[in-house]
Amino acid sequence: MRNIYDFTLKELENYFVSIGDKKFRATQIYDFLYKRRIDDVSFMNNIGKNMQEHLRTHFSFQKIKLIVKQSDKDVSKYLFELMDGQRIESVLMYHDYGISICVSSQVGCNMGCRFCESGRLKKVRNLEAYEIVQQILLIEEEIGKRITHVVVMGIGEPFDNYDNVMRFVKIINDGKGIGLGSRHITISTCGLIPGIEKFMEEDGQVNLAISLHAPNDEIRKKIMPIAQVYDMDSLLLVLKKYIHRTNRRVTIEYIMLDSVNDSIECALELASKLKNLNCYVNLIPYNETKNIGYKRTKINQIRKFYDILKKKNINVTIRKEFGGKVDAACGQLRANQELNK
């Protein structure tokens, strides 16, 4: 039985037409689910008793469960339990421009980036679209406020779960659904070229972020196994095609690892590789964990790296740090999940 939150509006319209009902039934149900936040069919008062019973019989209205919340200043980490007992995490962040949520797209991750806690657990399965959607719904319910920005950067590689992630985007982007604007949604990939190629053909203006983390293949292959499959030249070529096709700027994520990818030479090489590319670089201070040996680049070195990129006319920022004290920062998700079981 398919979960009701797994349907795009179009899919739900097609379903009701297929059983001899009207398309507007889908809009009615979307209104209850996403505007009024009612998931009990008995309270869908403008839907007849027969249709209420049909909904109970043919759809699941179950939700994932919030198990643990940890908070520190402007960030909260949420541990969710799925229907099959698997667990995932999401992170809520308060910014001066709004409230963002970082959602997970898989249970575990097969990408195996050496610096990332999330990849220590190999992929168990993909998340269904409804399991990603409900991360937003449950957190909005818990805080009593509307999420303004969504990033698919939590546990998992989104383009390794392409179809479900795209369905999720359509559901939250729909004006009759959650109604989140395309430009407030960002999908991050470690560089799955086939996924980027498919993504550039999608309608809409959803943002793309690339986890690059190195200026060349030699370093990248040591810290990111995906570089063994897709080299940097191929990745940069497809990014140029993406920018030309969509006229959208790409975010380049770059985690600063002490004595690995943070030298002056690395900064100069990165600037050379990104020259004339419509992108901006997000330098990320590394968040150390007890299970991984990489160390954080000192802030003075990060600033030197930043200054070099700036002088080479590369748009660059240093990411504000969130959630390190509750293992909710970039690369830390699932760090202590085993302790929560």
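Only one of these is among the aromatic types (F, W, Y) and touching a helix residue (DSSP H, G or I) at 6+ places or on another chain (Cβ under 8 Å): Y286, Y280, Y254. Name it.
Testing whether each residue is among the aromatic types (F, W, Y) and touching a helix residue (DSSP H, G or I) at 6+ places or on another chain (Cβ under 8 Å) leaves just Y254.
Among the residues of segment 289-324, how many are buried (at least 18 other Cβ atoms within 10 Å of the Cβ), within 23 Å of the chain's Cα centre (by Cα) and not in a strand (DSSP E or B)?
Result for segment 289-324: 4.
Evaluate segment 194-204: report whether one residue or more is in contact with a Gly (Cβ under 9 Å, 6 or more places away or on another chain), surrounded by fewer than 19 Cβ atoms within 10 Å (Cβ to Cβ) and modelled with pLDDT under 95.
Checked segment 194-204: no residue is in contact with a Gly (Cβ under 9 Å, 6 or more places away or on another chain), surrounded by fewer than 19 Cβ atoms within 10 Å (Cβ to Cβ) and modelled with pLDDT under 95.
Those residues that are without any contact (Cβ under 8 Å) to a residue 60 or more places away in the chain, open to solvent by 60 Å² or more (accessible area, probe 1.4 Å) and either in contact with a helix residue (DSSP H, G or I) (Cβ under 7 Å, 6 or more places away or on another chain) or more than 26 Å from S182 (Cα to Cα) (or both), I need them from segment 124-156; list them, please.
Answer for segment 124-156, where residues must be without any contact (Cβ under 8 Å) to a residue 60 or more places away in the chain, open to solvent by 60 Å² or more (accessible area, probe 1.4 Å) and either in contact with a helix residue (DSSP H, G or I) (Cβ under 7 Å, 6 or more places away or on another chain) or more than 26 Å from S182 (Cα to Cα) (or both): V124, R146.
Looking at segment 1-54 only, could you name the residues that are under 16 Å from L138 (Cα atoms), aliphatic (A, V, I, L, M) and open to solvent by 20 Å² or more (accessible area, probe 1.4 Å)? So that I can check it myself, show each step before the final result.
Here is the first cut: in segment 1-54, the residues under 16 Å from L138 (Cα atoms) are 3-6, 32-40.
Now drop any that are not aliphatic (A, V, I, L, M), which leaves 4, 33, 38.
Matches in segment 1-54: I38 only.
Does any residue of segment 269-277 turn out to be surrounded by 14 or more Cβ atoms within 10 Å (Cβ to Cβ) and more than 14 Å from N216 (Cα to Cα)?
Our first condition is that a residue be surrounded by 14 or more Cβ atoms within 10 Å (Cβ to Cβ); within segment 269-277, this holds for 269-271, 273-274, 277.
Narrowing further to those that are more than 14 Å from N216 (Cα to Cα): 277.
Looking for residues that are surrounded by 14 or more Cβ atoms within 10 Å (Cβ to Cβ) and more than 14 Å from N216 (Cα to Cα), one finds at least one in segment 269-277, hence yes.
Within segment 246-262, can you find the residues that are over 11 Å from C279 (Cα atoms), of a type outside the set (F, W, Y) and surrounded by 14 or more Cβ atoms within 10 Å (Cβ to Cβ)?
T246, I255, M256, L257, D258, V260, N261, D262
Inside segment 5-117, counting only helices (runs of 4 or more DSSP H) that do not spill past its ends, which hold 1 or more residues that are in contact with a Leu (Cβ under 9 Å, 6 or more places away or on another chain) and of a type in the set (D, E, K, R)?
Values: elements: 9-18, 24-30, 49-58.
Of the helices (runs of 4 or more DSSP H) lying wholly inside segment 5-117, those with at least 1 residues that are in contact with a Leu (Cβ under 9 Å, 6 or more places away or on another chain) and of a type in the set (D, E, K, R) span 24-30.
Take I243 and tell me if it is open to solvent by 10 Å² or more (accessible area, probe 1.4 Å), more than 14 Å from I210 (Cβ to Cβ), of a type in the set (V, I, T) and in contact (Cβ under 8 Å) with a residue 12 or more places away in the chain.
Criteria not met by I243.
The values are calculated or read from the model by the stated rules, or taken from the named source; none is laboratory data. Only a predicted model underlies this, so the values are computations on that prediction, with no experimental measurement involved. Cβ coordinates were reconstructed from backbone atoms using ideal geometry, including for glycine residues, and neighbour counts include every protein chain displayed. SASA here: full protein model, heavy atoms, side chains in, ligands and nucleic acids out. Shrake-Rupley method; radii C 1.70, N 1.55, O 1.52, S 1.80 Å.
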